[in-house]
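Asks: I have a structure here, written as C-alpha cells, and I will follow up with some questions on it.
Just so it is clear, none of the values below were taken in a lab; they were calculated from the coordinates. If you're wondering where the values come from, they're calculated on a predicted model, not measured in any experiment. So basically every Cβ, Gly included, is an ideal-geometry build from the backbone, and we count neighbours across all protein chains shown.
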Amino acid sequence: MSQDITVGTIASHSALQILKGAKDEGFETVAICRKGTEKVYRQFKVADRIISIDNFNEFASIEDELVDMNTVLIPHGSFIAYLGLEGIKRLKPKYYGHKAILDWESDRQLERKWLERAGLKLPKMVDSPEKIDRPVIVKFFGAGGGNGYFLATSEEDFHEKMEKELDKGRLNDTRYIIQEYIIGTPLYIHYFHSLIMDETEIMSFDRRYETNVDSMGRIPAMDQLQLRIDPSYLVIGNFPLVVRESYLPKILQMGENVVEASKQVTKKGLYGPFCLETIVTDDGEIICFEISARIVAGTNPYVNGSPYTWLKYGEPMSTGRRVARELKNALNENRLEEVVE
Ligand code: ATP
C-alpha cells in the first residue's frame, strides 16, 4: 500500500477514474456517496470503502473519519459545487491542490485578470446591453453547466430573451456578464502541472455534447425558425478529440503561461489537473473563455489514457491516475506536504 494514504473523493463527476487511478498506483480508496448512488462505485470496483451520507451538506460529520484514514481528498467539479469555497477552505482532511487558486477561478473578474496576465486571447466583454454591436453570449453567475445562457444579437433581442429567462425563475443568481460570442470550434484542453517534476503536460482534449445546441443541425432551418428554438448548453457528455499536431506547441505554451501567471497571483500557483475552455476560430486563433483549475469531466473518455499520455507514459495513464502518481512521487521524495493543504 502506498504508505498508508487513502485517496478519497465525492462519488460523482470524475470519481471513477480518480479512484481507479489511485488503486492502480497502489493506494487504498474511499468513495463518499450520496445515499442511493453506491451501487455504481461498488459495481466498478473502484472503492475499497464507501461512506454514505444523506446529503453533502453533512460532509463535516464524516471528516474525522476521513482524517483517521489519512485521506487525501481529490477535488473535482461536483466536489467544489457541493462543498463550496468556504467548505473547502475549512476541510480537516488533506486536500490535493492549492486552495487559494479557487478564489481566482471562481470570480469572473479575477479569472480574467489571471488569463490576461498569461497572455491568452479572451472574448471581448460588453459592458451593458445598449453596447451590443455583435453576437454575444449572456452568462449568468448561477448557471451550472451553461444552464440559462443565451445568445443575443442586439439590445432588443437581449431584453426579450432576458425577460423570458427570468420568467422561468430557475436561476439562483441572476447576475450576468455579456461576452462576445466567438464563432468557431469548441476545444477543451486538459493539462496537468506537476509541482514535483516542475512540468506542465498536455493530457488530452475533448469537446462537449450539449443539449440542445448540438442537436440544432438535425432540424432544418425552416423548422427551426418556426419552432423558435433558442440554443441551450446543458452538458450531457463529452467526446474525445485529438488536435492538429501543429497546434501542440502553442497549446503547451498556453498551459505553461497560465501556470507561470498563477505563481504571480498566489503563493504556490496552480498545480495538478486543469482545463482551458477555448474556441478555435477559422483563422486559427485559440480564444479562451474559461479556466477550470481542477480535473474536468472531459477527461472521462480517457480512463485508459489518451494518445498523448500513451506517448509520454507508454502505459494507461488517466488524469485521475496522474494525480495518484504525483502523490506517490511526492511521498517517495518526502514532499507530500508541498502538494496537499
Ligand atoms: P462549466 O463551468 O461546467 O465549464 P459553464 O456553465 O461555465 O460550464 P461554459 O462552459 O462557460 O458554461 O459555456 C457553455 C457553452 O457556451 C459551451 O458550449 C461553450 O462552448 C459556449 N460558450 C461559452 N462562452 C462562449 C463564447 N464567448 N463564444 C462562443 N461560445 C461560448
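Asks: Arranged by the count of other C-beta atoms within 10 angstrom, fewest first, what order do Asp214, Asp127 take?
Replies: Taking fewest neighbouring Cβ atoms as first place, the list is Asp127, Asp214.
Asks: Would you mind getting me the FRET efficiency between Val265 and Arg175? Use the beta-carbon distance for r and R0 = 22 Å, nearest 0.05.
Replies: 0.45
Asks: I've got another one for you. State the Kirkwood hydrodynamic radius of the chain in Å, one decimal place, computed from all pairs of distinct Cα atoms.
Replies: After inverting the pairwise mean of 1/r, the radius is 21.2 Å.
Asks: In what sequence do Ile74, Ile101, Ile251, Ile53 fall when counting other Cβ within 10 Å, fewest first?
Replies: Neighbour counts put them in this order, fewest first: Ile53, Ile251, Ile101, Ile74.
Asks: May I pose another question? Tell me the trypsin sites (Lys or Arg not before Pro) within segment 264-341 that lie in a loop according to DSSP and have at most 16 other beta-carbon atoms within 10 Å.
Replies: Sites meeting the loop and neighbour criteria: Lys267, Lys268, Arg335.
Asks: Segment 145-244: Rg/Rh from Cα coordinates, Kirkwood Rh?
Replies: My calculation puts Rg/Rh at 1.07.
Asks: As an exercise, take the mean of 1/r over every pair of distinct alpha carbons in segment 239-341, invert it, and state the Kirkwood radius in angstroms.
Replies: 15.4 Å
Asks: Please build a GNM for the chain, connecting alpha carbons under 10 Å apart, and tell me which residue among Ser12, Ser61, Ser232 fluctuates the most.
Replies: Residue with maximal mean-square fluctuation among Ser12, Ser61, Ser232: Ser61.
Asks: If you take the Cα Rg of segment 185-271 and divide it by 2.2 N^0.38 Å, with N the number of residues, what do you get?
Replies: 1.53
Asks: Hey, another quick one. Counting only the backbone N, which residues of segment 92-132 are under 17 Å from the spot 7 Å out from the Cα of Asn70 toward its beta-carbon?
Replies: It comes to 93-96, nothing else.
Asks: Then there is this: Whole-Hz ³J(HN,Hα) for each residue in segment 289-303, computed from phi via Karplus 6.51 cos²θ - 1.76 cosθ + 1.60 with θ = phi - 60°, x for glycine and proline: what do you get?
Replies: Per-residue couplings from phi come out as 9, 6, 10, 10, 8, 5, 4, 10, 5, x, 7, 4, x, 10, 4 Hz.
Asks: What's log10 of I(q)/I(0) for segment 284-341 at q = 0.24, 0.27, 0.29 Å⁻¹, Debye sum over Cα points only, no solvent?
Replies: Log10 I(q)/I(0), no solvent term: -1.01, -1.05, -1.08.
Asks: What nm distance separates the two modelled labels at Gln226 and Glu285, each placed 7 Å from Cα along Cα→Cβ?
Replies: In this crude label model, Gln226 to Glu285 measures out at 3.9 nm.
Asks: Using a Gaussian network model of the chain whose springs link C-alpha atoms within less than 10 Å, name the residue from Arg175, Arg117, Arg34 with the highest mean-square fluctuation.
Replies: The residue that fluctuates most here is Arg175.
Asks: Per DSSP H run of n ≥ 4, the term is -39500 (n - 2.57); total these for the chain, divide by its residue number, and report the mean residue ellipticity at 222 nm rounded to 500 deg cm²/dmol.
Replies: After summing the helix terms and dividing by the residues of the chain, the value is -10000 deg cm²/dmol.
Asks: Place a +1 charge on the Cβ of each Lys and Arg in segment 188-341 and a -1 charge on the Cβ of each Asp and Glu, then give the dipole magnitude about the Cα centre in debye, rounded to the nearest 20.
Replies: The calculation lands at about 340 debye.
Asks: Need one number: % antiparallel among DSSP beta bridges in the chain, to the nearest 5.
Replies: Percentage antiparallel, nearest 5: 70.
Asks: How do Met203, Met162 line up, fewest other C-beta atoms within 10 Å first?
Replies: So the ranking, lowest neighbour count to highest, is Met162, Met203.
Asks: In nm, to one decimal, how far is the modelled label at Asp157 from the one at Lys89, with both set 7 Å along Cα→Cβ?
Replies: 4.0 nm
Asks: If you don't mind, another one. Which one of Gly119, Val136, Phe192 is farthest out on the positive end of the charge dipole of the chain, using unit charges on Cβ (Lys, Arg +1; Asp, Glu -1) and the Cα centre as origin?
Replies: Among Gly119, Val136, Phe192, the one farthest towards the positive end of the dipole of the chain is Phe192.
Asks: Please report, in debye to the nearest 20, how large the charge dipole of the chain is about its Cα centre when each Lys and Arg carries +1 at its beta carbon and each Asp and Glu carries -1 there.
Replies: Rounded to the nearest 20 debye, it is 580 debye.
Asks: Rounded to the nearest Å, what's the spacing between the alpha carbon centres of segment 183-236 and segment 46-77? Just the number, please.
Replies: Taking the Cα centre of segment 46-77 as reference, the centre of segment 183-236 is 31 Å away.
Asks: Right, another one. Using the Kirkwood radius over C-alpha pairs as Rh, can you work out the diffusion coefficient of segment 100-139 via Stokes-Einstein at 10 °C, viscosity 1.306 mPa s, in µm² per second?
Replies: 136 µm²/s
Asks: Per residue and in cubic angstrom, what volume does the convex hull of the Cα atoms of segment 77-130 have?
Replies: Considering the Cα atoms of segment 77-130, their hull volume per residue is 119 Å³.
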